[in-house]
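A.B. asks: So that we are looking at the same thing, I have put the structure below in structure tokens.
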Amino acid sequence: MNTHSIPHVVIIGAGFAGLEAARGLAKARVRITLIDQHNHHLFQPLLYQVAIAGLLPSQIAQPIRTIFRKQKNLTFQMGMVSAIDVEQKYVKLNGSIIAYDYLVTAVGGRTNFFGFADVEKYGYQLKDLETAVNTRNQLLRMFEQASHTADVEKRKALLTFVIVGGGPTGVETAGALAELISHVMKKDYPRLNLNEAQVVLLEAGNSLIGFYPAELRTATLKLLQAKNVNVRLNSKLESFNGQFVRLADGAEIETQTLIWTAGIKAVEVLENLNAEKASGGRIRIAPTLQLPGHPEAFVIGDAAFLLDEQERPLPMISTVAIQQGAAAAKNILRLINRQALEPFHYKDPGLLATIGRNAAVARIFGISFSGYIAWAIWVFLHIYRIIGFRNRILVLFNWAWDYVFYDNQVRLITKE
Ligand SMILES: Cc1cc2nc3c(=O)[nH]c(=O)nc-3n(C[C@H](O)[C@H](O)[C@H](O)COP(=O)(O)OP(=O)(O)OC[C@H]3O[C@@H](n4cnc5c(N)ncnc54)[C@H](O)[C@@H]3O)c2cc1C
């Protein structure tokens, strides 16, 4: 068989969007080259659990080669794509050139520090396994240092943890960290007065989880406050030098730990792509998910910018990425079969965010609710959506153990 007569689809990125696009083409007569800089797919919604010592990195990631073991039309190549040439139809990878007939760019995003170079230097972030483990190490190191610090003010500063950004990631991290302190660290550090510890959540706007309905924003604030999280709305960060957070109103918070969860922007490889860009450098795409002017090139997931039927930008969340992956695969098949392409319509499955043990907020089928039921749905869905049967069992076991014994099991400080 001459494989070169078979259309070659290159997919950059094995995140939620790229994975779904590749799966959507599993039965198609195409050759797929799936490229990722990492050898694993990562379940980013649970990264904060790695940071708060709740889960191991290996429990929220799965090797890409394992996922596609049975998909015979797919080859995986690990490496960082350094350039995309949509005129000549090739991508540059590890010094060589890979030509394509169809391209799916699903490269996600990276943390946007909005020009705060000092925050980027001294702060912590949650974007991949490495940054989550670094954050975990920092949190645990602070407890160790506090345990042999006699000076009260110094100890309080070591035990002050500032999270910037009141979106779902900031909210989830703040709630989980507050519980780690009150339920778990209390037992590990019986001689430390953990009333001296505090979790501060800074949000520049006037509410948390801005794109959720008002009743859920209010419920989230109350649930976090009930867990002793110090939520500061309308609080703009001005600087962080590794010792002090300074706010725009002149207030200062002494801390060595700032976790930045406040924004996402496009990855480097999109900077040189000759395409119209929206805020954060995301690529403006056509409703069919194609790059305008290049019908064979699709951009999907967090890398893409598209308005919904109400002219609102689609959010950068996993459900949008997954649905766009499936839709891009179908449109590639339509292109190959010379059929008319279909525009993408996002089917909103609802909103969900957890704020710790027994506490979450949800909006499903247009109904808003919070508390234990929302939390139970969150647990079920996250276990269901993690890739790999083994990971599901391990996460279920870990969470059940934590739930019964109030004991996060991954309190390891590892070498960075
Ligand atoms: C901490 C955190 C918590 C989140 N929580 C939630 C949540 O609770 N619910 C929710 O729905 N969404 C959540 N999200 C958002 C969700 O994870 C993203 O919307 C989703 O991952 C986007 O999917 P994607 O495929 O576009 O990008 P990604 O999943 O980011 O995948 C992009 C892939 O491209 C690869 N890549 C990038 N550049 C290159 C390159 N140049 N060469 C090769 N490979 C490259 C990356 O390694 C990565 O594997 C969260 C995100 C974060 C960071």
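A.B. asks: On a 0 to 90 degree scale, rounded to 10, what angle separates helix 168-179 from the longest Cα axis of the chain?
C.D. replies: Result, in degrees: 30.
A.B. asks: A follow-up question, please. Expressed as a rounded percentage, what relative contact order does segment 84-200 have, with Cα pairs under 8 Å and six or more residues apart? Working shown, then result.
C.D. replies: Working: 76 pairs, mean separation 18.8, N = 117.
The normalised contact order for segment 84-200 reaches 16 percent.
A.B. asks: Roughly how many nanometres apart are two label points built 7 Å out from the Cα toward the Cβ at Glu120 and Asp85?
C.D. replies: 2.9 nm
A.B. asks: Helix-only mean residue ellipticity at 222 nm, the chain, DSSP H runs n ≥ 4 weighted -39,500 (n - 2.57), per residue, nearest 500. What is it?
C.D. replies: Calculated mean residue ellipticity at 222 nm is -9000 deg cm²/dmol.
A.B. asks: Here's something else I'd like to know. What relative contact order, as a whole-number percentage, does segment 222-324 give when Cα pairs under 8 Å and 6 or more residues apart are counted? Don't skip to the answer; put the middle values down first.
C.D. replies: Numbers: 115 pairs, mean separation 13.3, N = 103.
In percent, rounded to a whole number, it is 13.
A.B. asks: Another question about this same structure. Which residue fluctuates the most in the chain, going by a Gaussian network model with Cα springs under 10 Å, if the choices are Asn206, Asn337, Asn39?
C.D. replies: For the chain, modelled as a Gaussian network with Cα springs under 10 Å, the answer is Asn337.
A.B. asks: Can you compute the modelled spin-label distance between Ala99 and Phe389, with each label point 7 Å from Cα toward Cβ, in nm?
C.D. replies: 4.3 nm
A.B. asks: Going by how many other beta carbons lie within 10 Å of each one, how would you line up Trp260, Trp401, fewest first? Could you put the intermediate results ahead of the total?
C.D. replies: Numbers: Trp260 27, Trp401 13.
Going from sparsest to densest Cβ surroundings: Trp401, Trp260.
A.B. asks: Compute the label zone of Leu412 within segment 39-73: residues whose backbone N is under 18 Å from the point 7 Å along Cα-to-Cβ.
C.D. replies: Counting backbone N atoms under 18 Å from the label point, the list is 47-63.
A.B. asks: Per the Debye formula with a single identical scatterer at each Cα and no solvent contribution, what log10 I(q)/I(0) holds for segment 99-144 at q = 0.25, 0.28 Å⁻¹?
C.D. replies: -0.97, -1.07
A.B. asks: May I ask you to compute the full-extension gain from Arg29 to Ala214, defined as 0.36 nm times their residue separation minus their alpha-carbon distance, rounded to one decimal in nm?
C.D. replies: Here the answer is 61.8 nm.
A.B. asks: What is the angle, in °, between the Cα long axis of helix 129-147 and the longest principal axis of the Cα atoms in the chain? Nearest 10 is fine, range 0 to 90.
C.D. replies: Taking Cα atoms only, the helix is inclined about 10 degrees.
A.B. asks: To continue, here is another question. Most mobile of Glu311, Glu172, Glu144 per a Gaussian network model of the chain (Cα springs, under 10 Å)?
C.D. replies: Of Glu311, Glu172, Glu144, the most mobile in the Gaussian network model is Glu311.
A.B. asks: Work out, step by step, the length gained on full extension between Glu254 and Ala226: first 0.36 nm times the residue separation, then minus their alpha carbon distance; give nm to one decimal.
C.D. replies: On the way: separation 28, 0.36 × 28 = 10.08 nm, distance 2.33 nm.
Full extension from Glu254 to Ala226 adds 7.8 nm.
A.B. asks: So, one more: Relative contact order of the chain: what whole-number percent is it, with Cα pairs under 8 angstrom and at least 6 residues apart?
C.D. replies: Values: 829 pairs, mean separation 82.9, N = 416.
RCO, the chain: 20 percent.
A.B. asks: Also, quick follow-up: Percent antiparallel among DSSP beta bridges with both residues in the chain, to the nearest 5?
C.D. replies: On the way: 33 of 67 bridges.
Percentage antiparallel, nearest 5: 50.
A.B. asks: Which of Ile67, Ile367, Ile52 moves most in a GNM of the chain, Cα contacts under 10 Å?
C.D. replies: Checking each option, the largest mean-square fluctuation is seen for Ile367.
A.B. asks: Could you compute how fast the chain diffuses translationally, taking Rh as the Kirkwood radius over C-alpha pairs and applying Stokes-Einstein at 37 °C with viscosity 0.692 mPa s? Give it in µm² per second. If you can, show how the numbers build up before the last one.
C.D. replies: Details: Rh = 22.6 Å.
For these conditions, the coefficient is 145 µm²/s.
A.B. asks: Distance between Cα centroids, segment 31-96 to segment 299-362: provide it in whole Å.
C.D. replies: 19 Å
A.B. asks: Quick check on the exposure proxy: order Asp128, Asp101, Asp302 from fewest to most C-beta atoms within 10 angstrom. Could the numbers behind the result be given before it?
C.D. replies: Numbers: Asp128 20, Asp101 16, Asp302 28.
In increasing order of surrounding Cβ atoms, one gets Asp101, Asp128, Asp302.
A.B. asks: If all Cα-Cα distances of segment 117-262 are sorted into 5 Å bins from 0 onward, what percent lands in each bin, rounded to whole numbers?
C.D. replies: Going from the shortest bin to the longest, the percentages are 2, 10, 20, 23, 21, 15, 7, 2, 0, 0.
A.B. asks: While we're on this one: Met78 label point, 7 Å along Cα→Cβ, cut-off 16 Å on backbone N: hits in segment 374-395?
C.D. replies: Counting backbone N atoms under 16 Å from the label point, the list is empty.
A.B. asks: Sticking with the crude label model, points 7 Å out along Cα→Cβ, report the distance from Glu144 to Gln37 in nm, one decimal please.
C.D. replies: Label at Glu144, label at Gln37, 2.8 nm between them.
A.B. asks: Another question, if that's okay. Please list the three semi-axes, largest first and in whole Å, of the ellipsoid equivalent to segment 116-188, using sqrt of 5 times the eigenvalues of its alpha carbon gyration tensor. All intermediate terms of the calculation are to be shown ahead of the outcome.
C.D. replies: Working: eigenvalues 93, 50, 29 Å².
Largest first, segment 116-188 gives 22, 16, 12 Å.
A.B. asks: Also: Taking Cα atoms, how many degrees apart are the long axis of helix 318-336 and the longest axis of the chain, rounded to 10 and kept between 0 and 90?
C.D. replies: Its long axis makes an angle of about 0 degrees.
A.B. asks: Work out, step by step, the length gained on full extension between Arg191 and Glu276: first 0.36 nm times the residue separation, then minus their alpha carbon distance; give nm to one decimal. Each step should come with its number before you reach the end.
C.D. replies: On the way: separation 85, 0.36 × 85 = 30.60 nm, distance 5.77 nm.
Computed gain between Arg191 and Glu276 is 24.8 nm.
Read-outs: derived from the displayed coordinates by stated rules, not from any lab. As the structure is a prediction and not an experimental result, all values here were calculated from the model. FYI the Cβ positions are ideal-geometry reconstructions off the backbone, even for glycines, and counts take in every protein chain you see.
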